[in-house]
Structure formats: structure tokens, C-alpha cells
Amino acid sequence: MPLYEHVFIARQDLSNAQAEGLIEHFGTVLADNGGSLVDSEYWGVKTMAYKINKNRKGHYSFLRSDAPATAIQEMERLMRLHDDVMRVLTIKVDEHAEGPSVQMQKRDERDDRRRERR
């Protein structure tokens, strides 16, 4: 099955538990449609570059999935209809990266990686 990565932004007035509950909800949607949630990360509340629906901040979440296209389409459709979700980005990838995403790595680890590449 194809591999996908998703980032979505939820409203800032949600609690952390509610924002993490959205991850579980959309993971269930994938499972019901023949896919699976490989990994998920809750990035926390971050300031956005510009206002979206009068919000300056939002709860950022990152999902890695292994699902057929129909499951992804259904999940995106439900995300766009959900009142708490402000933005959704989905990309198809060849393979999932090992370990945590760049957002979750400590600054020191990112600097070490840059030095190794040189």
C-alpha cells in the first residue's frame, strides 16, 4: 500500500487531550477503511505565520500512514468537515523516515546531523 504523511492544525482553544484525541479519531477512520496508522506525533501548540480563522496559534499533529487512496480521501474529507481542524496537508512518500520527525528532535541532534552531512 502507498505511504503517506499528514500534518494537520487544530484550533488553539482545544485542550491537549482533545487535540491528541483527534489523532486517535483519524487513525480509527483509516483503520475502518483498510489502512493503518504507522506512527503519530503531537507537536504541541505553535504560533502560525498568519491568522487562520482568527487564530494565531494552533495544535500541530503529524501522522504517518500506510493506506489505500480511498482511505486517505475519506480521512481528508472528514478532516475538512471537522470544526476543530483548520488546515490539512497530505503528501505521498516513498518510505517513512526512521525515528522522530525533525520537529521532535532536540536542537543539538539537528546540529549534529548538519555537521555529518558536510
Fill in: Within-14-Å neighbourhood charge of LEU78 [Cβ basis; K, R +1; D, E -1]
-4
Worksheet item: Which option, (1) 2, 10, 17, 17, 15, 14, 13, 8, 3, 1, 0; (2) 2, 11, 21, 21, 19, 14, 8, 4, 1, 0; (3) 2, 12, 20, 19, 13, 8, 6, 5, 4, 4, 3, 2, 1, 1, 0, 0, is the value of P(r) over Cα pairs in 5 Å bins from 0, in percent that was calculated from these coordinates?
Response: (2)
Worksheet entry | Estimated dipole of the chain in Debye, rounded to 20 [Cβ of Lys and Arg +1, of Asp and Glu -1, Cα centre] | 860 debye
Worksheet item: Within the chain, which DSSP H helices have Cα atoms that stretch 30 Å or more along the helix axis and a mean Kyte-Doolittle hydropathy of at least 1.6?
Response: none
Worksheet item: Can you give the calculated 222 nm mean residue ellipticity of the chain, where each DSSP H run of n ≥ 4 adds -39,500 (n - 2.57) and the sum is split over every residue, rounded to the nearest 500 deg cm²/dmol?
Response: -11000 deg cm²/dmol
Worksheet item: Which lysines does LYS106 reach when only Cα atoms under 21 Å apart count, and residues fewer than 8 places away in its own chain are ignored?
Response: LYS46
Worksheet, complete the sentence: For ALA67, other-chain or 5+-apart residues with amide H closer than 5 Å (H placed, Pro excluded) are TYR4, SER36
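None of the figures in this text is laboratory data; all of them are computed from the coordinates on show. Source: prediction; values computed, not measured. Methodologically, a virtual Cβ is constructed for each residue, glycine included, from the backbone with ideal geometry; neighbour enumeration extends over all protein chains shown.
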